[in-house]
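Readers should treat all values here as calculations from the given coordinates under stated rules, not as data from a laboratory. Quantities reported herein were computed from a predicted structural model and do not represent experimental measurements. Glycine gets a Cβ as well: all are built from the backbone with ideal geometry, and neighbour counts include every protein chain shown.
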């Protein structure tokens, strides 16, 4: 059976809501705090809820952060494909949110940054697997070059989401990954950063496989085989942080045999429903009912 195999990072997010950032040498009391597992977890959990088994092929360590990450992966139903590293914890990101919504980040890279050629070589992909790559691992000095080289040996579909760090991916990593990707999925801003074009989908289509450019609640631009299509979305108040959900749902639909335009339409629906729920992605049956009611 197909799996979505995430070759990348699952890390812990430590969120602090602050009235303002502290000055040098100062302290400030948070008005709210939360610890949650992030990175590729949302992509994996969404795929599972849409009926596609998932596996995490990145590294995980030993310590409290690693324990949180493994527990979240287990709850999501994602299989671990790598052994734990014994002397290094999983990394984390401190997210400081000011009263006006401005976010400031500080990241401590941990075991997830240790994925290299030897670790990738021991992966055994199944013929019907789908590989998912995130741009967050492509900027890492050990992860990025190893993944770029490893992808040349992979003969299953590859989906790449470069994320907001797309402009920081080294060219010697970006070029082979872009050329190898069967699907390149990003939001409009990320596409513009990469191409310098106001309409990034056609510009990207000549450099990679299929392209999905997410345009918020309006929908997505799909470029494949020389054809550019608009796939409408669904009205929601905010589309913030729905990109990972969209990628997981898109991968699940492709693995189930849906043609690209229907896979994107389904991913649009899953993302909209998730934002409405303010929680986990909906189960496949709810998405089926949602789409059936709108045909």
Taking the chain as a Gaussian network, Cα atoms linked when under 10 Å apart, which of 60, 277, 246 shows the biggest mean-square fluctuation?
277
In percent, how large is the relative contact order of the stretch 142-288, given Cα pairs closer than 8 Å and 6 or more residues apart?
15 percent
Tell me the mean residue ellipticity at 222 nm calculated for the chain from its helices only (DSSP H runs of n ≥ 4, each -39500 (n - 2.57), averaged over every residue, nearest 500).
-10000 deg cm²/dmol
Percent antiparallel among DSSP beta bridges confined to the chain, nearest 5, equals 45 percent
Over the stretch 46-159, what is the percentage of antiparallel beta bridges among all DSSP beta bridges, to the nearest 5?
50 percent
Between residue 30 and residue 103, the FRET efficiency computed from the C-beta separation at R0 = 22 Å comes out, to the nearest 0.05, as 0.95
Which one of 59, 96, 215 has the biggest mean-square fluctuation once the chain is modelled by GNM with Cα springs under 10 Å?
96
Over the stretch 1-87, calculate the relative contact order: mean separation of alpha carbon pairs under 8 Å at least 6 apart, over the residue count, as a percent.
34 percent
Relative contact order of the chain (C-alpha contacts under 8 Å, at least 6 apart) in percent is 16 percent
Where is the GNM fluctuation largest for the chain (alpha-carbon springs, 10 angstrom cutoff): 107, 90, 42?
107
As a percent rounded to 5, the proportion of antiparallel DSSP bridges among beta bridges in the stretch 1-89 is 45 percent
Based on alpha-carbon centroids, what's the gap between the stretch 118-189 and the stretch 225-295 in Å, whole number please?
23 Å
